[in-house]
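A quick write-up on the structure given underneath.
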Amino acid sequence: MNIPLIDISSLYSDNETEKLKVAEAIDAACQNSGFFYIQGHPISNARINEMRELSKAFFALPEAEKVKIDITLSANHRGYGKMKAEQLDPERPGDIKETFDMGLNLAPDHPLIGPDRPLYGPNQYPQQPADFQQKMERHYWDMLELGKTVLSALAIALGIDKDFFANKFEHPLSVLRFIHYPEVPQVNGEKHIGAGAHTDYGCITILWQDETGGLQVQDTTGKWIDAPPIEGAFVINIGNMMARWSNDRYKSTAHRVFSPSGRERYSMPFFVEPDFDTDVSCLENCCAPGETPKYEPISAGNWMIYCFNNTYAYRAEETA
């Protein structure tokens, strides 16, 4: 499997020919592996370093402080996820990592919040660092714009309106996550799984990972391929929602993370997910004339709820 490195700077230009070349490169990667790297984006190294330090500062807080915003206290899946709270691979024990999730921050009395849209609501933030909320929300919106730019390339490649996805993120379900993988010693030479083999839920995922490495992608033969960090680049992968939307033209590829041995690992995925009520039906040009799409239509929000309930024990207990 080849995981290509694609320069997307032309997507920010007025050169339609160059935009099409980038779109075609992304289209090929999405069909062949479901993974690719991007460079030429507007997120600076200074910003990434700032967010990395913010992540470290949060995870360094005493456990008693972090659990004050435990994700089990949130009605809309926001806040701190303790070690082993998430089990991405049902055949493996809970993942050896801790997390912090935030998304669109809505006031508790916002009209979108209610039993029909349970993923909307307020974020939970720690009291320290003092500028935590401001920095998280600024980065959230900048990453969302990057995600929409990548999605515009997919629209160009599919031959649909290049702005098809643009208006589906007014009240996005997108999530910015901090992940901390602690140092875990090997046992009998075996590495611990930090994140079990899984596919992502949403449209696309934009991942920053530190220099430690550990990310692996499964190729079509079942072999695991390393996806090492590249300085200044993000890893992009297709999620299950986009696989449904594209009628499996684009592949949602299994991946996993090994917990590092002898050092910690930090990563920041941004999950690009549209408004709750977005209709996820087979896209134009993704189904041959006369053929029936592989998947029934579903709203983006209901798809996400289904995925969450199959991943988190506390949500499964709530819905049992």
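Per-structure values
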item	result
Qualifying positions in region 274-309 - within 19 Å of residue 162 (Cα to Cα) and in contact (Cβ under 8 Å) with a residue 40 or more places away in the chain	274, 275, 278, 283, 284, 285, 286, 287
Residue match in region 53-66 (condition: among the charged types (D, E, K, R) and in contact with a strand residue (DSSP E or B) (Cβ under 6 Å, 6 or more places away or on another chain))	yes
Candidates 276, 271 - the one that is hydrophobic (A, V, I, L, M, F, W, C), at pLDDT 95 or above, closer than 16 Å to residue 205 by Cα and crowded, with 19+ Cβ neighbours inside 10 Å	271
Unmet criterion (only one of (1) of a type outside the set (S, T, N, Q); (2) under 20 Å from the mean Cα position of the chain (by Cα); (3) closer than 29 Å to residue 240 by Cβ) for residue 23	(2)
Selection within region 1-58 - basic (Lys, Arg) and farther than 30 Å from residue 126 by Cβ	19, 21
Number of positions in region 211-241 that are more than 30 Å from residue 278 (Cα to Cα), buried (at least 19 other Cβ atoms within 10 Å of the Cβ) and touching a helix residue (DSSP H, G or I) at 6+ places or on another chain (Cβ under 7 Å)	0
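The values are calculated or read from the model by the stated rules, or taken from the named source; none is laboratory data. These figures come from a predicted structure and were not determined experimentally. Every residue, glycine as well, gets a Cβ built from its backbone with ideal geometry; the counts of neighbours run over all protein chains shown.
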